[in-house]
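Quick notes on the structure that follows.
The values are calculated or read from the model by the stated rules, or taken from the named source; none is laboratory data. Treat the numbers as computed from the prediction; the structure is a model and nothing was measured. With ideal geometry, Cβ positions are generated from the backbone for all residues, glycine too; neighbour counts draw on all protein chains shown.
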């Protein structure tokens, strides 16, 4: 189940990035179809949040399993990233996406475009890309 949750979490990363880019384009282009796209983005982001919280607490390196002997949280880049930086930035990004969805629903294109852009920046910074430092990066498509 743990591996399946990680794969689903990774798949949703791509779905959210694509939906976010489409929503951003629609906001800048002032297209009314942003209502549906931003709704799917909101749903995907919140499902991702639930899966991510599960992994944070009960996953392979979850908080409930504790730190390995001799490891300090803020001195170890791996645990600091996955226990502090990644969850904090992702929760902020999902919060911004939620607010942006409300603005998009009201067809406030200017506000929603800026909020979607801020959320995109948070996501791009917080995703464990393969080119990140050793131990933090994840494959583009795990299992392939």
As an exercise: evaluate residue 96 against (1) in a helix (DSSP H, G or I); (2) farther than 18 Å from residue 5 by Cα; (3) touching a helix residue (DSSP H, G or I) at 6+ places or on another chain (Cβ under 6 Å); (4) at pLDDT below 95 and give the number of the one condition it does not meet.
(4)
Scan the range 111-132 for residues that are touching a residue at least 12 places away in the same chain (Cβ under 8 Å) and in a helix (DSSP H, G or I) and report the count.
12
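This table checks each residue for (1) assigned to a helix (DSSP H, G or I); (2) out of contact with any helix residue (DSSP H, G or I) (no Cβ under 7 Å at 6 or more places or on another chain).
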site: 13; (1), (2): yes, yes
site: 38; (1), (2): yes, no
site: 51; (1), (2): yes, no
site: 55; (1), (2): yes, no
site: 70; (1), (2): no, yes
site: 88; (1), (2): yes, yes
Under 23 Å from residue 140 (Cβ atoms) and within 11 Å of the chain's Cα centre (by Cα): does that describe residue 17?
yes
Collect the residues in the range 12-25 that are surrounded by 15 or more Cβ atoms within 10 Å (Cβ to Cβ) and without any contact (Cβ under 8 Å) to a residue 24 or more places away in the chain, keeping them in residue-number order.
22
